Amino acid sequence: MSESQRPSFKRILLKLSGEALMGEQDYGIDPDVISRVAREVADLSRLGVEVAIVIGGGNIFRGAGLAQAGMDRVTADHMGMLATVMNGLAMQDALENVGKFCRVMSAIKINQVCEDYIRRRALRHLEKGRIVVFAAGTGNPFFTTDTAASLRAIEINADIMIKATKVDGVYDRDPKRYADAQRFERLSYDEVLTRRLEVMDATAIVMCRDNNLPLRICNIFKEGDLMRLIMGEPIGTLVERSQT
Ligand code: UDP
């Protein structure tokens, strides 16, 4: 492999929303979508990139939605966190089907189903080339899996956090509603916060900012973008420390 073909990152944290696994469905997991994502992730791993994944649960349950319908918020968030464990197991299965070793590590104890999250053990898995899926968010109600992704990325010293969504970056307004919406190539954390751009919740952005963790937003439905991004192409939108 020549220098120019080397991956730009040694260790990444990939945040996949539950919706990313849903494809065109209204609920649950689309087997074709999860298999394709698993193949793309496995390709990165085969290049020697250490890959950790945080999966959301929005394709099954979101705590805020259940609470709005009258459920106790903490119970609802527990259900949301368990939904991320189910997604994690599905991703583990999909990765094993393409020949990669994977460990699901949960922030809430459910260790007959998957491992408990222990940072040092997670680092060991990564060093051995296993893909690690961090499930159950932060383990606490009132948080999101975006915040869990920032937290885990910082804990494992990831070089970058990649938020794979349904849109190919951050726009000044909703690109589905406005044909003239402009995509940002680059933003600072503070711009995201002050302009209230819908990248991630404020807690997640502040954690990235305070720990200087670069964040890239890309479209998981554009096949090959993940690999291009890892190889250094300026895919999507980069959020990083202000250059001035
Ligand atoms: N959740 C939580 N604590 C966390 C992370 C997640 O309580 O640290 C719950 C919360 O109810 C949330 C649900 O899990 O709505 C699913 O996560 P999220 O909404 O972030 O999933 P995504 O939007 O990425 O699919």
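Values quoted throughout were computed directly from the atomic coordinates according to the rules given, and no laboratory measurement underlies them. None of these values were measured; they are calculated from a predicted model. As a convention, Cβ positions derive from the backbone with ideal geometry for all residues, glycine included, and neighbour counts pool all protein chains shown.
May I ask you to compute the full-extension gain from Y27 to R196, defined as 0.36 nm times their residue separation minus their alpha-carbon distance, rounded to one decimal in nm?
Numbers: separation 169, 0.36 × 169 = 60.84 nm, distance 2.80 nm.
Going from the current span to full extension adds 58.0 nm.
Does the chain come out rounded, prolate or oblate, given a ≥ b ≥ c as the square roots of the eigenvalues of its C-alpha gyration tensor, rounded meaning a/c under 1.5 and, failing that, prolate meaning a/b above b/c?
rounded
Dipole magnitude of the chain about its Cα centre, charges +1 at Lys/Arg Cβ and -1 at Asp/Glu Cβ only, in debye to the nearest 20?
620 debye
Output the DSSP H helices from the chain with an along-axis C-alpha extent of no less than 24 Å and a mean Kyte-Doolittle hydropathy no less than -1.0.
Taking the DSSP H segments of the chain (at least 24 Å long, mean hydropathy at least -1.0), we get 73-97.
Relative to the compact-globule scaling 2.2 N^0.38 Å, provide the ratio for the alpha-carbon radius of gyration of region 121-244.
Details: Rg = 14.9 Å, N = 124, 2.2 N^0.38 = 13.7 Å.
Against the empirical 2.2 N^0.38 Å value, I get 1.09 for region 121-244.
Normalised by the residues of region 22-107, what does the relative contact order come to in percent, with Cα pairs under 8 Å and at least six apart?
For region 22-107, the relative contact order is 29 percent.
Around A135, which amide H atoms from residues at least 5 apart in sequence, or from another chain, sit under 5 Å from its own amide H, with H modelled in the peptide plane?
M105, S106, A107
Do the alpha carbons of any pairs in K109/K163; K10/K176; K15/K176; K100/K222; K10/K109 sit beyond 31 Å of each other, and which pairs?
On the way: K109/K163 26 Å; K10/K176 34 Å; K15/K176 22 Å; K100/K222 22 Å; K10/K109 29 Å.
Check vs 31 Å cut-off fails for K10/K176.
Working out 0.36 nm times the residue gap between R186 and R6, then minus their Cα-Cα distance, what length gain in nm do you get to one decimal?
Working: separation 180, 0.36 × 180 = 64.80 nm, distance 2.30 nm.
Fully extending the segment from R186 to R6 adds 62.5 nm.
Which order do the peptides 166-173, 129-136 come out in when sorted by mean C-beta neighbours inside 10 angstrom, highest first?
Numbers: 166-173: 17.0, 129-136: 25.5.
The peptides rank, most packed first, as 129-136, 166-173.
Computed FRET efficiency, Cβ-Cβ of R46 and R124, R0 25 Å: what is it to the nearest 0.05?
So the FRET efficiency works out to roughly 0.80.
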